[in-house]
Amino acid sequence: MPGFFHHESLYRGPQVVAKLASLRLAVCGAGAVGSNLAENLVRQGLAHLRVIDHDRVEEHNISTQIYDESDAGIWKVEALRNHLFRACGVEIEPVRKELTDHNARSLLKDIDLVIDAFDNSTSRQAVQHHARQTKVPCLHAGLFEDYCEIIWDEQYRVPSEAVNAPAVCDYPLARNIVLLAVAIASETVVQFITDASRVSRSATLRDFGVRVLDVPILDSLRAR
């Protein structure tokens, strides 16, 4: 009888699915991109996943994140842990802490690939600093309105925080750009484990344009 990952194995080949199953991945941030990306990769065959976040589920998270109305008030990493175990029987490692320069090394130890899905520059900077110190591969995922970026750390510049910027929950954001970003990020991870390629991309929702990024990101762009 076909197993959970039957279709992925038929499409990609069992060797690729096996590589994904052995990958030790850390997702930093369990918000719009992080929560949906975690589910997507687990449903593709990922078996070793650490998720780092210190926020609780709020009502405004329901439309763009993986959580249900009944999850409101629960720590995001715990809600995600329960959801993925029910969905695929995968037990993720939830870390309910704020990642900083002081604890990044301990929180990200024994990891093969880091995905930065944070929504603030301070946390992104801490992830980048750790990745560059330890040489661990790092992929950054950001969203703003109808635009997304999936960028390898070699090309990434942490955006500056705008003065008097509104709270993250007040930024306009379409659910479909989240899902498009997740699809691109998932394929980027699969490409990486398949042939070690590191291709950065951006996409816009209104024209469904997906583009390869060949130059470093401008500091003026505030991808969330």
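Bear in mind that the values in this text are calculations on the coordinates, not laboratory data. All values reported here derive from a predicted model rather than from experimental measurement. Here the Cβ positions follow ideal geometry from the backbone for every residue, glycine too, while neighbour counts run over all protein chains shown.
Can you tell which of Trp75, Leu99, Ile193 lies farthest toward the positive end of the dipole of the stretch 6-212, using +1 and -1 charges on the Cβ of basic and acidic side chains (Lys, Arg; Asp, Glu)?
The listed residue farthest towards the positive side: Ile193.
If I stretch the segment between Asn82 and Glu145 completely, what's the gain in nm (0.36 nm per residue apart, minus their alpha carbon distance), one decimal?
Numbers: separation 63, 0.36 × 63 = 22.68 nm, distance 2.95 nm.
Extra length from Asn82 to Glu145 when fully extended: 19.7 nm.
Can you give the log10 of the normalised intensity I(q)/I(0) at q = 0.08 Å⁻¹, computed with Debye over equal Cα scatterers of the chain?
-0.26
If I model a spin label as a point 7 Å beyond the Cα along the Cα-Cβ vector, how far apart are those points for Leu213 and Arg43 in nm?
2.5 nm
Among Val136, Val189, Val212, which one shows the biggest mean-square fluctuation in a GNM of the chain, springs joining Cα atoms closer than 10 Å?
Ranking Val136, Val189, Val212 by mean-square fluctuation puts Val212 first.
Taking amide H positions as placed in the peptide plane 1.01 Å from N, state which residues far from Leu173 in sequence (5 or more) or on other chains have amide H under 5 Å from it.
Under 5 Å from the amide H of Leu173 lies no amide H from a residue far enough along the sequence or on another chain.
Please give, to one decimal in nm, the separation of the simple spin-label points placed at Phe4 and Gln191, each 7 Å out from Cα toward the Cβ.
Rounded to a tenth, the inter-label distance reads 2.6 nm.
Tell me, what is the FRET efficiency for Glu59 and Ser160 to the nearest 0.05, using R0 = 35 angstrom and their Cβ-Cβ distance as r?
Working: r = 30 Å, r/R0 = 0.86.
Efficiency, from the Cβ-Cβ distance: 0.70.
Using the beta-carbon distance between Asn120 and Ala18 and R0 = 30 Å, what value does 1/(1 + (r/R0)^6) give for FRET efficiency, to the nearest 0.05? Please list the in-between numbers first.
Details: r = 36 Å, r/R0 = 1.19.
Rounded to the nearest 0.05, the efficiency is 0.25.
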